[in-house]
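The values are calculated or read from the model by the stated rules, or taken from the named source; none is laboratory data. These numbers were taken from a predicted model, which means no experiment stands behind them. Heads up, the Cβs are rebuilt from the backbone with ideal geometry, glycines too, and the neighbour counts pull from every protein chain shown. Note: accessible area is taken over every heavy atom of the protein model, side chains too, but ligands, DNA and RNA are not part of it. Shrake-Rupley method; radii C 1.70, N 1.55, O 1.52, S 1.80 Å.
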Amino acid sequence: MSVVAMVLLTPVFLLTLAAAALLIAVIGAKVIQTGCGKRVWRRMEDWFHVYQFLTVPELNQTKHQNHLYTNLSLYLHSLPSIQDSHFANLVTGKNQNDIVLCLAPNRTIQDHFLGATIYWFNQPTHTNPEGTGAGTGTYVLKIRKVDKRRILRPYLQHIHAVAHEIELQGKRDLRLFTNSADEFGQWRSVPFTHPSTFDTIAMEPDLKNKVKSDLESFLRAKQYYHRNGRVWKRSFLLYGPSGTGKSSFVAAMANFLSYDVFDIDLNKIPSDSELKLLLLHTTPKSVVVIEDLDRFVADKTARISVSGILNFMDGLITSCCAEERVMVFTMNTKEHVDPNLLRPGRIDVHIHFPLCDFSAFKTLANSYLGVKEHKLFPQVQEIFQNGASLSPAEIGELMIANRNSPSRAIRSVITALQTDGDGRGCGLMGRQKEDDEMDEPDGVVCGEGVHTVKDLRRLYSFFRFRVTRKSSSSNSSLPASPLR
């Protein structure tokens, strides 16, 4: 045996060789744990494995929202591995205090499922040229060919299940969509952060509970609707004078359901076909809103026909594209509207929003002032009983302006009701208390409150369709809970 062979077979050399191999393995493991090492190791794996690439675009071929993309976004943003990503976007969540990590464009995130390693790449396709949004994007799935057949279908089912669970937990960030006047059939969106809830709405408790029960029943009724051959949607009509809380009620519905809001401006739509196209581009789990429908129907110069609105409400296009949606229409009054527009099937629930009564006033006082009982309440109640009334928005504005002093705020409402409420001439009906609980040095500011109401009404006249006093008083006498 040669001398070289004898040296190679000595125990000392073999031990040295083993120690060197162990040292190389330890150093290699440390290097692989670094960002650079992981990339090198991934490249080495790529040499020995065949990968396939699948894309998940944000919009499908018909330019509709791809629901898989939406669910995938929720899923990827919930992965623990996004915490280890070298580049991630920090954005605000549903609440402004919530910070959410999102996968940055042109970056990759790793996931593991059933023993397989999966890679997702965030590939932006194009950016909105007007700078009004982030444009559309595409997620690219990289998976080993040997793993694709084994795990792809259960993996996608897992993504949908996790996304659904996130939505049930209320972690889904809501969006407010508005239709564009420049790009017909297209929507633009911003985060929906309206704070209105059913707890903050001034409404009769019984009626409020009926609405909540109706919405909860709707959420659970998918199979029931389908078994009876009906589209899983619900339609509401909210009618009443301006400032009575219809828009806030829509926001409360969206927050309660955790649904996005699609606000349709009919004045921006040039034709009936474009109105149908907008409905096609809405997504499930959404509230579709058309405000001031009575005003639009009465406008003889409108570009959309009444027939087009009827088809939008319950036509064939609605039966195909309105699944898991709540349709909401608002009006100032329904007295002069064609009854065919409001028949069952087109409108399921009618909710009247009257001017304030004493019960609604107490709800507002509790919300705005934190007051459940007050020594001035009997005087306020007497004025309401004698026919005076203001809208919740007008009373709320007075309370906001005087929120640091509940007594002063209530006095300003009393003065406004006596001098500017619908029951004009009732200024002498309320009891005037001279001992007046003047717990504030600048207690008499009621005149300022009156001007606030008048200014508020001038502002409404610019933006909302005004109802005559006669219509307002007749509507206020209707029952407040025609929920059917």
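Residue 338 satisfies every condition listed in (1) open to solvent by less than 10 Å² (accessible area, probe 1.4 Å); (2) modelled with pLDDT under 90 except (1). A single member of 267, 311, 209, 228 is closer than 30 Å to residue 389 by Cα and of a type in the set (S, T, N, Q), and it is 209.
In the list 280, 237, which residue meets the criterion of being more than 14 Å from residue 203 (Cα to Cα) and either out of contact with any helix residue (DSSP H, G or I) (no Cβ under 6 Å at 6 or more places or on another chain) or buried (at least 23 other Cβ atoms within 10 Å of the Cβ) (or both)? Answer to the selection: 237.
The single residue among 294, 299 that is modelled with pLDDT under 85, open to solvent by 10 Å² or more (accessible area, probe 1.4 Å) and closer than 22 Å to residue 340 by Cβ turns out to be 299. Residue 159: more than 20 Å from residue 103 (Cα to Cα), modelled with pLDDT of 75 or more, in contact with a Phe, Trp or Tyr (Cβ under 8 Å, 6 or more places away or on another chain) and crowded, with 17+ Cβ neighbours inside 10 Å, yes or no? No, not satisfied.
Residues in region 220-234 that are surrounded by fewer than 16 Cβ atoms within 10 Å (Cβ to Cβ) and either touching a residue at least 24 places away in the same chain (Cβ under 8 Å) or not in a helix (DSSP H, G or I) (or both): 220, 221, 222, 228, 229, 230.
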